[in-house]
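The values are calculated or read from the model by the stated rules, or taken from the named source; none is laboratory data. Quick caveat: nothing in here was measured; it's all calculated off a predicted structure. Cβ sites come from the backbone with ideal geometry, for glycine too, and all protein chains shown count toward neighbours. Just so you know, the surface numbers come from the protein's heavy atoms only, side chains and all, with ligands and any DNA or RNA stripped out. Shrake-Rupley method; radii C 1.70, N 1.55, O 1.52, S 1.80 Å.
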Amino acid sequence: MNKIHGIGAITLLLLTSFSTHAAKVYSWVDGNGITHYTDAPPPGKNVKEVDLRAAPLLGSAPSSVQVDNFNSLTGADAKKEQEAAKLVIELLSPEQGSTLRDNTGNIVFQGQISPKPPTQYDVRLTLDGKAAPIVSNSLSIRVENVDRGAHEAQLELLAKDGTILAESTPVTFYLHRATVTPAPKPTPKANQG
């Protein structure tokens, strides 16, 4: 029994001796009120040794730690880059001044967003000043039974709340629809006699 108590006492002594040689951490506050932590106390500063065995104080008192890459860690840099990169939407098809031939009047409008589309977005096509139904998360819009003639089309990139994020430049195109007019039926002439 004494051997077991002796081993426990030796283990306890070894554990406490290791903890006394553990690294010490010091804190100090600079002239701007920012708290700094270091393992070597800087000369000429009012330094306090931090007790690492105690849990940090949680409460309403503000505390701060100086970090060199704070904006990178919090994502602020990425947000600034995203805001700086202005979104652009282009109408790729039909092209400016092009002539389309489709007897049914069906047209597929194709767009492109750069630099990178948002995760969720809507696209609105304006054809001859009238808005077509809004399409979600797609850059392809099909419109049926468009009349022949000259048309102006424009795309708008919308946020989910309806805010316009970008507009394409208006594109003018022409649609030809061939019509087949049957020959008039001969009508019998009255007999003159």
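Quick notes on this one:
- Table column - 3J(HN,Hα) (Hz), the range 99-109, Karplus curve with 6.51, -1.76, 1.60, x for Gly and Pro: 10, 9, 10, 8, 5, 8, x, 8, 10, 10, 9
- Sequence of Tyr37, Tyr26 when ordered by accessible area, the most exposed leading, probe 1.4 angstrom: Tyr37, Tyr26
- Residue-wise HN-Hα coupling along the range 26-42, computed from phi with Karplus coefficients 6.51, -1.76, 1.60 (Hz; x: Gly, Pro): 10, 10, 8, 10, 7, x, 8, x, 8, 7, 10, 10, 8, 9, 10, x, x
- Net charge in the neighbourhood of Pro41 (other residues with Cβ under 13 Å of its Cβ; Lys, Arg +1, Asp, Glu -1) is +1.
- Karplus-derived 3J(HN,Hα), 6.51/-1.76/1.60, for each residue of the range 145-155, Hz, glycine and proline x: 6, 7, 5, 6, x, 8, 9, 10, 10, 8, 10
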